[in-house]
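Novice: Can you read through this structure? Questions will come right after.
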Amino acid sequence: MAFTNDHLAELNLLSLFNLSSINEGIKVHSHSASTDAVAAAERLYTKGLITQKDGGYLTSLGTEAAEHAQRLLSVLSSDENSTV
């Protein structure tokens, strides 16, 4: 199983959340955000990961998912983990 474009858009959105503050959310503006980001926010809301259809705050499940997404991004972005 591979990541789909929808998965990648959702992971990108989860990576935007500041995990050091539960009082800091995000807002996905439908008039200025990409259609992929708007659709990703709606899917994350439907899955119970964020509190609003257009962003809001992370739920407890969303916090866990965002932690994993951000760790994965960190690992994949790290030059130290390169075996080449």
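The values are calculated or read from the model by the stated rules, or taken from the named source; none is laboratory data. Computed from a predicted structure; not experimentally measured. Because the Cβ atoms are built from the backbone with ideal geometry, glycine has one as well, and the counts that use them run over all protein chains shown. Surface accessibility is based on the protein's heavy atoms, side chains included, excluding ligands, DNA and RNA. Shrake-Rupley method; radii C 1.70, N 1.55, O 1.52, S 1.80 Å.
Novice: Would you pick out the residues in region 43-55 that are among the β-branched types (Val, Ile, Thr) and crowded, with 19+ Cβ neighbours inside 10 Å?
Specialist: Listed by number, the list holds a single entry, ILE50.
Novice: Hey, does region 68-79 have a residue that's more than 21 Å from ASN5 (Cα to Cα), out of contact with any Asp or Glu (no Cβ under 9 Å at 6 or more places or on another chain) and of a type in the set (S, T, N, Q)?
Specialist: Within region 68-79, one or more residues are more than 21 Å from ASN5 (Cα to Cα), out of contact with any Asp or Glu (no Cβ under 9 Å at 6 or more places or on another chain) and of a type in the set (S, T, N, Q).
Novice: So SER77 clears everything in (1) open to solvent by 80 Å² or more (accessible area, probe 1.4 Å); (2) modelled with pLDDT under 95 except one condition, right? Which one?
Specialist: Only one criterion is unmet by SER77, namely (1).
Novice: To continue, here is another question. So, of the residues in region 26-42 that are assigned to a helix (DSSP H, G or I) and open to solvent by less than 80 Å² (accessible area, probe 1.4 Å), which turns out to be nearest to HIS7 (Cα to Cα)?
Specialist: Filtering region 26-42 for residues that are assigned to a helix (DSSP H, G or I) and open to solvent by less than 80 Å² (accessible area, probe 1.4 Å), the one nearest to HIS7 (Cα to Cα) comes out as ALA40.
Novice: Among what's in region 1-24 and is farther than 16 Å from GLU67 by Cβ and either part of a loop (DSSP other than H, G, I, E, B) or hydroxyl-bearing (Ser, Thr, Tyr) (or both), pick the residue that is most open to solvent (accessible area, probe 1.4 Å).
Specialist: Per the criteria, the residue is MET1.
Novice: Hey, another quick one. Looking only at region 43-84, which residues are over 15 Å from SER15 (Cβ atoms), free of Cβ contacts under 8 Å to residues at least 12 places away in the same chain and assigned to a helix (DSSP H, G or I)?
Specialist: Residues satisfying the conditions are TYR45, THR46, SER60.
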